[in-house]
1. State yes or no: is Thr232 buried (at least 24 other Cβ atoms within 10 Å of the Cβ) and part of a loop (DSSP other than H, G, I, E, B)?
2. Within the range 216-229, take every residue that is buried (at least 24 other Cβ atoms within 10 Å of the Cβ) and part of a loop (DSSP other than H, G, I, E, B) and give me the one that is nearest to the ligand (Cβ to nearest atom).
3. Would you please name the residue that is nearest to Asn265 (Cα to Cα), looking only at residues in the range 59-99 that are crowded, with 17+ Cβ neighbours inside 10 Å and of a type in the set (S, T, N, Q)?
4. Which one is farthest from Leu122 (Cα to Cα), of the residues in the range 388-398 that are surrounded by fewer than 19 Cβ atoms within 10 Å (Cβ to Cβ) and in contact (Cβ under 8 Å) with a residue 40 or more places away in the chain?
5. Restricted to the range 165-184, and to residues that are surrounded by 24 or more Cβ atoms within 10 Å (Cβ to Cβ) and away from the ligand (no atom under 16 Å from the Cβ), which residue is nearest to Phe110 (Cα to Cα)?
6. Could you count how many residues in the range 148-185 are of a type outside the set (Ser, Thr, Tyr), more than 21 Å from His221 (Cβ to Cβ) and part of a loop (DSSP other than H, G, I, E, B)?
7. Taking the options Val75, Val89, Val134, name whichever one is out of contact with any Pro (no Cβ under 7 Å at 6 or more places or on another chain), touching a residue at least 40 places away in the same chain (Cβ under 8 Å), among the aliphatic types (A, V, I, L, M) and in a loop (DSSP other than H, G, I, E, B).
8. Looking only at the range 335-380, count every residue that is part of a loop (DSSP other than H, G, I, E, B), hydrophobic (A, V, I, L, M, F, W, C) and either within 16 Å of the ligand (Cβ to nearest atom) or crowded, with 19+ Cβ neighbours inside 10 Å (or both) and tell me the total.
Amino acid sequence: MSASRHPALSATDPELAACVAAEEVLQAQTLRLIPSENYVSAAVLEASGTVLQNKYSEGYPGRRYYEGQQNIDRVEALAIERAKGLFGVDHANVQPYSGSPANLAVYLAFAKPGDTVMGMALPMGGHLTHGWGVSATGTWFRGVQYGVRADTGLIDYDAVRELALAERPKVIFCGGTALPRTIDFAAFAEIAREAGSVLVADVAHIAGLIAGGAHPSPADHVDVISTTTHKTLRGPRGAMLMCREEHARAIDKAVFPGLQGGPHNQTTAGIAVALHEAAQPAFVRYAHAVVANAKALAAALLERGFDLVSGGTDNHLILIDLTRKEVPGKVVAKAMDRAGIVVNYNTVPFDPRKPFDPSGVRIGTPSLTSRGLSTEHMPVVADWIARAVDAAAKGDEQALAVIRAEVQDLMAAFPAPGLPLS
Ligand code: DSN
């Protein structure tokens, strides 16, 4: 990092400044394919690093437990109004520290310890906080879990309905972290209505696609929408809960004072800026480009003989099943990292391997689309992936180094938002 970019940090703590500088170079030079990551704009970065950091603001706009909120109230009100407008909801709470605390607040609002809750199983594409055993949500509550069909890789809505009617959960979560297909919110709503359950759409992964009109919105179908703000929505690391007016009080009470203390005002400011950016026509183009790139990348991978869970994608995410390639996901992910392509190893549905050493690799297109790569580049990306998998299987470090140089060349032509030109 040049001293002129972060002069105070460089002067005060050169060791830490060097870590940041190295991360800037890494993010600039690598092809980042982790579907839950992105590049925030320079404006979001600036807003997230302001003196708003210095303020305690327990409470909500107009009703705080600390004085001196003249400006903070305005910041939070802006974020709330923008969230309501963008997602078409009655109420928004922008204070959850991140996705897991946001989901915990939902449980606190609608369930008691020991109650039955339902969500998608983690290895099937769900999230830890959807009632999975090792999470507090699977130990404090009785989690029952649905999955996908073995033959299609798609959610079996008949099986979800059967489970919901048998178990009558207090809360049903739909959404997840490794779902390559469109979620049918209307189908979940009908099931939740029949079962008498509160329905929560966890749209953390697809919030930006929803905002940009590239995925159907859950707003008319669910009781609560939970989302992080830093994935396809391209904001700072944070979260929001949105709901109908009837649930507003329960949600607000659960976030504060139920779970959290003072909100992170600098993050709220970054969220407000990201929501403003997401309301612009350019963001609609971005969201559709993310999906077009993912579809083009999936098609190029299929052409190169890869197995994809569910056979492709409708959104930003692709789950590669490496079982037939006979090289585990972790080996491939680490080899790709050495080739300058950053992914995460991931379980695939019905994975015979363990989560820490699974059969799949999860990739996505939010970050590369933020850099301006388009469908014409996806065959190149698929080639790199195919060559990296091959090199991983053979232990060919030289081949990985060649890919790394090619990746670096292309990335230099597509500067990332928020990063200095490299
Ligand atoms: N860990 C996030 C992801 O990568 O999908 C979800 O919380």
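The values are calculated or read from the model by the stated rules, or taken from the named source; none is laboratory data. Keep in mind that this is a model prediction, so the values were computed, not measured. Backbone-built Cβ (ideal geometry, glycine too); neighbour counts: all protein chains shown.
1. yes
2. Among those residues, the one meeting the criterion is Thr229.
3. Among those that are crowded, with 17+ Cβ neighbours inside 10 Å and of a type in the set (S, T, N, Q), it is Gln95.
4. Filtering first and then ranking leaves Glu397.
5. Applying the filter and picking the extreme gives Val171.
6. Matching residues across the range 148-185 total 5.
7. Sole residue among the options that is out of contact with any Pro (no Cβ under 7 Å at 6 or more places or on another chain), touching a residue at least 40 places away in the same chain (Cβ under 8 Å), among the aliphatic types (A, V, I, L, M) and in a loop (DSSP other than H, G, I, E, B): Val89.
8. Adding up the residues that qualify gives 5.
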